[in-house]
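Okay, structure first, notes after.
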Amino acid sequence: MNYGVVHYENENTVTVKVTRFLDDTGGKNRDFSRGVITLDNKPVITFSQYQKHFLTEKSCLEYLYNMKWPEGFQCSKCRHTAYYVIVTRNSPLYECRRCGNQTTLTVGTILEKTHTDITTWFAAIFLVVQDKQVSTAQIAKQLEISYQTGWSMVSKIRMALANPRCIASAPKFSDD
């Protein structure tokens with residue numbers, strides 16, 4: 001049973017669609033702590049790598065920054081590359097030095113206008129990608145959030161994963 005495919009367009013661009021979760025027991029055991037998310041039988045991220053890269057808000061924000069601006073900040077209005085960071089908020093606000101346009105890392109993403117912690121979002125994404133059939137109740141219980149919040153998050157994640165334009169140039173994970 002295959003839930004999706006990944007097409008490598010070049011070394012930096014990957015078209016991602018939902019994939020199935022494989023583990024040591026041929027996919028029967030859904031304990032994600034022992035498994036590996038695979039795309040076309042190529043390991044993408046293990047649970048230990050997930051823990052290493054996405055357990056802090058800072059690491060999640062760095063990942064979003066690299067996803068949004070792989071070549072560095074660029075204003076969406078004037079394409080200028082110089083900016084100020086306003087850090088008196090929960091998450092950084094980026095302001096273009098030329099035109100004053102302000103943006104955040106979550107604008108234009110499923111995380112936009114959320115009040116849920118970003119690390120909780122990354123955990124939910126990991127869980128949904130590793131098990132397409134995971135229920136909202138399971139997500140809510142594992143992440144200690146309300147059912148309503150879990151439902152909203154899971155539906156947004158599934159909608160994003162089902163989008164054929166879900167293309168990412170994700171930073172590579174190192175083993176260190």
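Each reported figure results from applying straightforward, stated rules to the coordinates on display, with no laboratory input. Just so we're clear, the structure is a prediction, and the values are computed from it rather than from any experiment. Note that we place each Cβ from the backbone using ideal geometry, even for glycine, and neighbour counts take in every protein chain shown.
Spin-label model, S135/N90: points 7 Å from Cα along the beta carbon direction are separated by 2.9 nm. The ranking of M67, M159 by Cβ neighbour count inside 10 Å, starting from the fewest, reads M159, M67. Taking other Cβ atoms within 10 Å as a rough exposure proxy, W121, W69 sort from fewest to most as W69, W121. If the chain linking D117 and N66 were pulled fully straight, counting 0.36 nm for each residue of separation and taking away their Cα-Cα distance, it would gain 16.5 nm. A simple count of charges around C75, restricted to other residues whose Cβ falls under 15 Å of its Cβ and scoring Lys, Arg +1 and Asp, Glu -1, yields +3. Computed from label points 7 Å out along Cα-Cβ, the spacing between K52 and C99 is 4.0 nm. All C-alpha to C-alpha distances of region 57-104, sorted into 5 Å bins beginning at zero, yield P(r) values of 5, 22, 29, 27, 13, 3 percent in whole numbers.
What pairs from K68/K141; K68/K156; K68/K113; K52/K77 go past 25 Å between their alpha carbons?
K68/K141; K52/K77
Going by neighbour counts of Cβ atoms within 10 Å, the residues S48, S152 line up, fewest first, as S48, S152. Between the residues G100, Q130, I110, the greatest Cα displacement towards the positive end of the dipole of region 92-140, with unit charges on the Cβ of Lys, Arg, Asp and Glu, is found for G100. Extension gain for T109 to S155 (0.36 nm times residue separation, less C-alpha to C-alpha distance): 15.2 nm.
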